[in-house]
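Reading through the structure tokens given below for one structure.
Readers should treat all values here as calculations from the given coordinates under stated rules, not as data from a laboratory. No experiment lies behind these values; they were computed from the predicted model shown. Every residue, glycine as well, gets a Cβ built from its backbone with ideal geometry; the counts of neighbours run over all protein chains shown.
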Amino acid sequence: MAVNLNRKRPQCHGAADMEIDAQRSVVLVGSPNVGKSVVFGNLTGMYVTVSNYPGTTVEITRGRLADDSRAVAITDTPGMYSLLSITEEERVARRVLMENRPDMVVHVADTKNIERMLHLTVQLLEAGMPLMLDLNLMDEAERLGLRIDTKVLKERLGIPVVATVATEGRGMDELKKMILKEDILPSGPPLRYPETIENAIADIERNLDSSYGISKRAVALLLLQDDHEIWQMVRDREPERYALVDAIVKHARERFVDPLSYIITIERQRFINTLIEDAVENVGVKGIPLRERLSRLSMHPVAGVPIFLGIIYLLYEFVGVFGAQTAVDFLEETVFGQYINPVANRIVSSIIPWKVLQDLFVNEYGIITLGIRYAIAIILPIVTTFFIAFSIIEDTGYLPRLAMLIDRVFKKIGLNGRAVIPVVLGFGCDTMATMVTRTLETRRERVIATLLLALAIPCSAQVGVILALLSGSTKALGIFVMVMGTVFLFVGFLAARLMPGERPLFYMEVPPLRWPKLSNVLTKTYTRVEWYFKEVLPLFILASILIWAGRITGLFDIVVKLLSYPTGWIGLPPEASKAFLYGFFRRDFGAAGLYDLKTSGALSGVPLVVSIITIALFMPCIAQFSMTIKERGWKMAVGMAAFIFPFAFVVGYLVNLILNGLGVVL
Amino acid sequence: MKCPLCGLEFNQEDGLKGCSGCKSMGACGLIKCPNCGYEVPAESGIVKFIKRWRKKTDESK
């Protein structure tokens, strides 16, 4: 039963202005989607006040709960995952806790995800809050076969724990009674960190004189985790001690290879693991919902692999066969081949008398007949189908499961499942993915991920064109996937051996599997295609202009001639060297060049597969190269390029040798 | 908006804060999840317009 709130619309005054006649104050906190608002509605009834937190657009809701003896003002805060704030909502929720000094804080948690919920419980205890834990959505946890021993939780955490199903009103009477009657005292920190961190906490605590509304231990932990807002607060309130606190934090940081926020999170996770072991039992149920069963299977080290391969196959059928054959054929041969190109050639020839200038716009390498044709007739249908498929995969919640699945494999190559983010993004755009490598925990991981992105992860448009080139031959596709997978793992493995270091742990929240919404998929696809074209079209046009200028000066022919040697060594026709030159501008531009060669009949069979493998491994495009310089520095970027250029041709040469030696016919 | 990878709910403005230090300074049109770094393109102007128009139509009914 959802509760209707008779909301007074937001007024522009702060939470402090809203006086509610009450003897005590209670604040509800919790992550988004845990049923916090339903709990609040059940507690306070129909009449609530909604206002914007001062200086923000974030809403704070207040209401009143009363019985014959006592009245309580209840504040519902915006969703917060952690006291270490990332979003504006989290900052506001934290400020409410720090400024209001509530008599009680009720942490509303989603019981079925109790493991990740307890992180906030631990932080609130460390903050010295008079805390009560509300295990909401208990019915959903029970359906999944989870049995929670609330007594163990009570004893180990030292706080009252109540189980509720707010939508059905279950447990709400007990919760109301506790809010009205219980007087809770802060129970203190539930765990201790490694000695170095504990010493730093104690040193910082000694140097904090002001009051922060949360315990000094919590302030110290937030400083160690580099919370910018807390740093600013300390700078303002302790101007004389600030430098000393800064030195303590720096000293602690130097003692660890990994960031302190990472160390602290892992210690909390260890504590939570022992707690879960004692307090939570998974009895299993006969009827585990299909969704949950699928979720578990998709992360299973054995069952997860065929699921992943099945998804790749569907992607190939949709993008490679439908998008890249049916749609590209129509746009390429009918729309451009029969209408746009002949008309453009005619119009430009009649307007511009000089052949040199005509070539800028039309004929073999013109802006319209090459740049725009590549962008609209080849890339557009491919990226559109790819983005539709990607949006569906994204909306189902499969990506975090894929991260968990590949965590084991990634560990062998010096990475962990967190690296799935840049790797998956790399299949969209390697340039952006290179920037995202900065989110990885250690330098070693960042370097390995950057190298693998530059070498073995083709971008979305390139994947699309490659699928198009290989469509019709599952054997050729199989060889391509096998070679790329082997190169990825082999180079990653070698890099991990050359750069020894810690193998980082990986922890990621896995949201529930869900059906994708059509409107959402279409919106995302449109947004992505629009974004992609804004970026790609000017570059394709620029590439056409550069090729035109290169042809006038003769530079184009010289570079093509030079590139024809390595392409010849790997068994490719001389025309293929043009595609490799295009690949310098953009990876997809190069792949589109191969597509042209295939349709003209100049490239097929084994040489086609060899050229695709070589161009997929080939140099990063200009944009990715400059991003690598920015993220990893000149030396590293040039070093990587110097390795990749010959390596791509060596692999192409070996594949050509092996396939011909085995007499493979494609 | 909700991150399609880690599920974090955040405002678009929070997603733009990750752009500091990047050469493109937000011109790439991508919104970065402040928690995991995953990127999604910012909602297109046309999509925003259609949503506003539909909301207006619904309210006037």
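Quick notes
- Exceedance of the 25 Å cut-off in Cα-Cα distance is limited, within the set A:Lys250/B:Lys32; A:Lys517/B:Lys32; A:Lys216/A:Lys250; A:Lys630/B:Lys2, to A:Lys250/B:Lys32; A:Lys630/B:Lys2.
- Karplus (6.51, -1.76, 1.60) ³J(HN,Hα), θ = phi - 60°, over segment A:643-649, in Hz, Gly and Pro reported as x: 7, 5, 4, x, 4, 4, 6
- Relative contact order, percent, chain A [alpha-carbon distance under 8 Å, six or more residues apart]: 10
- Note on A:Lys176: aspartates and glutamates with a C-alpha under 14 Å away, same-chain residues under 8 apart excluded, are A:Asp67, A:Asp68, A:Asp134.
- Summed side-chain charge close to A:Thr525 - residues other than A:Thr525 whose Cβ falls under 13 Å, Lys, Arg +1, Asp, Glu -1: -1
- Estimated from the Cβ-Cβ distance and a Förster radius of 51 angstrom, the FRET efficiency linking A:Ile629 and A:Asp68 is about 0.10.
- For peptides A:512-525, A:373-386, A:571-584, sequence by mean Cβ density within 10 Å, most packed first: A:373-386, A:571-584, A:512-525
- Using 0.36 nm per residue and subtracting the Cα-Cα separation, the extra length available between A:Gln325 and A:Ile347 on full extension is 5.0 nm.
- Amide H within-cut-off set for B:Ile31, under 5 Å, with H built and near neighbours excluded: B:Val40, B:Ala42
- Only alpha carbons enter this Debye calculation for chain A, each as an equal point scatterer, and the log10 of I(q)/I(0) it gives at q = 0.08, 0.09, 0.10 Å⁻¹ is -0.75, -0.89, -1.02.
- In chain A, the calculated helix contribution to ellipticity at 222 nm averages -18500 deg cm²/dmol per residue, counting -39,500 (n - 2.57) for every DSSP H run with n ≥ 4.
- Taking only the Cα atoms of segment A:9-181, the ratio Rg/Rh comes out at 0.94, with Rh defined as the Kirkwood radius.
- Once the Cα atoms are used to define both axes, helix A:460-470 deviates from the longest principal axis of chain A by about 50 degrees.
- Span per principal axis, largest first, for the Cα atoms of segment A:304-661 (Å): 66, 47, 42
- For segment A:221-315, the Kirkwood estimate of hydrodynamic radius, built from reciprocal distances between every pair of different alpha carbons, is 18.0 Å.
- Aspartates and glutamates with Cα under 14 Å of A:Lys355, excluding same-chain neighbours fewer than 8 positions away: A:Glu364
- Extension gain, B:Ile46 to B:Ser60: 0.36 nm times the residue separation minus the Cα-Cα distance gives 2.9 nm.
- In this label model, A:Thr274 and B:Gln12 are separated by 4.7 nm, measuring between points 7 Å along each Cα→Cβ vector.
- Between segment A:112-170 and segment A:336-377, the Cα center-to-center distance that results, in Å: 68
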